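First comes the structure, then the notes that go with it.
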Amino acid sequence: MPHVAVIPGDGIGREVLDEGLKVLRALDARHGLDLRFTHLPYGADRYLSTGLTITPEEMAGLREYDAVYLGALGDPRVPSNVHAKDILLGMRFQLDLYINLRPCVLLDERYCPLKDRRPEDVRFTVFRENTEGLYTGIGGQFKRDTADEVAIEAELNTRKGVERIIRAAFEHARSRGLKRVCMSDKSNAMRHGHDLWQRVFKLVAAEYPTIKASHLYVDALVMEMVRAPDRFDVIVTNNLFGDIVTDLGAQIQGGIGLAASGNLNPEAGIGMFEPVHGSAPDIAGQGLANPLAAVLSAGMMLSWLGHVELERQIEDAVRVALNDGLVTRELGGSLSTSQVGDAIVAILSR
């Protein structure tokens, strides 16, 4: 019986996760998945009432679940967003979720901002290294708030970390019959850390001779994503660059409201799934939030749990909803958040 930890979080996170859970429960009833959900209160409300973000014991307890389903974190009542940092980044680093998996799939060409691009032109996946790079917080400030202030941010790259994310990208391509893996760095300017990426990429690529390995500096990569997204199957890059290029990919596929993600450690059997948009407190509680990214993230979670075909069914249902205009105002429709969830369930039942 797969056991899923549900963390609705803040703002619209609660609303969109309700619709994702609606879809999951409908599929569970139809296919006998025996899904078990446990809701956890981690978020701004809990922090404001107790002063707790997430304790070490609670973080360790997440390892006992088969998956974590997260809404969104962020609340203006907590200007520092300390709770979001402790919970979200805490999960990524402390649970060693080293793969940030970001599919970029165009489901309806009307939503693509690129001219004359069709769904077959935009279908690639980004593997973002999720536990190293510039997001580890290594560095410091000297003579803060003076004219002589110095601020240093250090980028961390380890052989282990670089190799495992590159290998994961090649394994993904191999297992799905994809032919191309592109690694992106800035080794012409960042000579030490990204030389490591260059050397490891060549070594790992040699183990996959049937897959075409290529390299682009990150500035060239983003230009090519706009000019010719069809040249990519799998992209692998570091934490900072991955953060940037995946948001570009989200826009190419139709907007951040359609962008799903997984944070994975396959060796440890831990996966956390979330829509990549924020908590949007300005529209929370109004039924305006687009739940499709949460629904697609639920599909990714089902695939993680072994139900690959059900992820395909969810993707197909979202494609139908987009084509039929069964969407929120954000995408030009007139449905509420919950009505979109109902529409996806109805499409799946056909």
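Nothing in this text is a laboratory measurement; each read-out follows from the coordinates by a stated rule. Predicted model only: the values in this text are computed from it and were never measured. As a convention, Cβ positions derive from the backbone with ideal geometry for all residues, glycine included, and neighbour counts pool all protein chains shown.
If amide hydrogens are placed 1.01 Å from N in the peptide plane, which non-local residues have theirs closer than 5 Å to the one on Lys212?
Amide H neighbours of Lys212, under 5 Å, 5+ apart: Arg180, Val181.
Mind jotting down the three principal axis lengths of the range 72-163 based on Cα atoms? Whole angstrom, largest first.
53, 38, 29
Find the Rg to Rh ratio for the range 199-283, where Rh is the Kirkwood radius over alpha-carbon pairs and Rg uses the same atoms.
Ratio value, two decimals: 1.02.
Tabulate in residue order the Karplus-calculated ³J(HN,Hα) for the range 96-109, using 6.51 cos²θ - 1.76 cosθ + 1.60 with θ = phi - 60°, rounded to whole Hz; enter x for Gly and Pro.
6, 7, 7, 9, 9, 9, 10, x, 10, 10, 7, 8, 8, 5
Which whole-Hz couplings ³J(HN,Hα) result when phi for each residue of the range 222-238 is put into the Karplus expression 6.51 cos²θ - 1.76 cosθ + 1.60, θ = phi - 60°, listed in order with x for Gly and Pro?
Computed from phi, the couplings for the range 222-238 are 5, 5, 6, 4, 7, 6, 8, x, 6, 7, 10, 10, 9, 10, 10, 7, 7 Hz.
From the convex hull of the Cα coordinates of the range 106-149, what is the mean projected area in square nanometres?
Answer in nm², one decimal: 6.5.
So, by mean Cβ neighbours within 10 angstrom, what's the order for 123-130, 293-300, 221-228, 28-35 with the highest one leading?
Descending mean neighbour count gives 293-300, 123-130, 221-228, 28-35.
Tell me the volume per residue, in Å³, of the convex hull enclosing the alpha carbons of the range 1-140.
174 Å³
Dividing the alpha-carbon Rg of the range 49-125 by 2.2 N^0.38 Å yields what?
Relative to the 2.2 N^0.38 Å estimate, the range 49-125 comes out at 1.57.
In sequence order, what are the phi-derived ³J(HN,Hα) couplings for the range 246-258 according to the Karplus relation 6.51 cos²θ - 1.76 cosθ + 1.60 with θ = phi - 60°, rounded to whole Hz, with x for glycine and proline?
Karplus values, whole Hz, x for Gly and Pro: 6, 5, 4, x, 4, 5, 4, 7, x, x, 5, x, 10.
What is the extension gain from Ala206 to Ala60, computed as 0.36 nm multiplied by their sequence separation minus the C-alpha to C-alpha distance, in nm to one decimal?
48.8 nm
Pull up the DSSP beta bridges for the range 98-258 and report the antiparallel fraction as a percent, rounded to 5.
Around 45 percent of the beta bridges assigned by DSSP in the range 98-258 are antiparallel ones.
With a ≥ b ≥ c the root eigenvalues of the C-alpha gyration tensor of the range 272-338, is it rounded (a/c under 1.5), prolate (a/b larger than b/c) or oblate?
Because a/c hits 1.5 or more and a/b fails to exceed b/c, the range 272-338 counts as oblate.
I need to check one value: relative contact order of the chain, counting alpha carbon pairs closer than 8 Å and at least 6 residues apart, in percent.
23 percent
Putting +1 on Lys and Arg Cβ atoms and -1 on Asp and Glu Cβ atoms, find which of His172, Pro113, Asn157 reaches farthest to the positive end of the dipole of the range 98-258.
Of the listed residues, the answer is His172.
Convex hull volume of the Cα atoms in the range 155-206, per residue, in Å³?
Roughly 72 Å³ of hull volume per residue.
At a Förster distance of 56 Å, what's the computed FRET efficiency of Arg159 paired with Ser49, Cβ-Cβ distance as r, to 0.05?
It comes to 0.80.
Give me the one-decimal nm value for the distance between modelled label points at Arg312 and Glu171, 7 Å along each residue's Cα-to-Cβ direction.
2.2 nm
Just want to confirm a number: the relative contact order over the range 271-335, from Cα pairs under 8 angstrom separated by 6+ residues, in percent.
28 percent
Once amide H atoms are placed 1.01 Å from N in the peptide plane, what residues at a sequence separation of 5 or more from Val236, or on another chain, have their amide H within under 5 Å of its amide H?
Distant-sequence amide H within range of Val236: Phe127, Cys182, Met183, Ser184.
Taking 2.2 N^0.38 Å as the expected size of a compact globular protein, what ratio does the Cα radius of gyration of the range 98-258 give against it, to two decimals?
1.12
Can you give me the Rg/Rh ratio for the chain, using Cα atoms for both radii and the Kirkwood formula for Rh?
Computed over Cα atoms, the ratio is 0.96.
Could you give the length gained by full extension between Thr136 and Leu248, i.e. 0.36 nm per residue of separation minus their alpha carbon distance, to one decimal place?
Fully extending the segment from Thr136 to Leu248 adds 38.0 nm.
Rounded to the nearest 5, what % of the DSSP beta bridges within the chain are antiparallel ones?
DSSP beta bridges in the chain are roughly 45 percent antiparallel.
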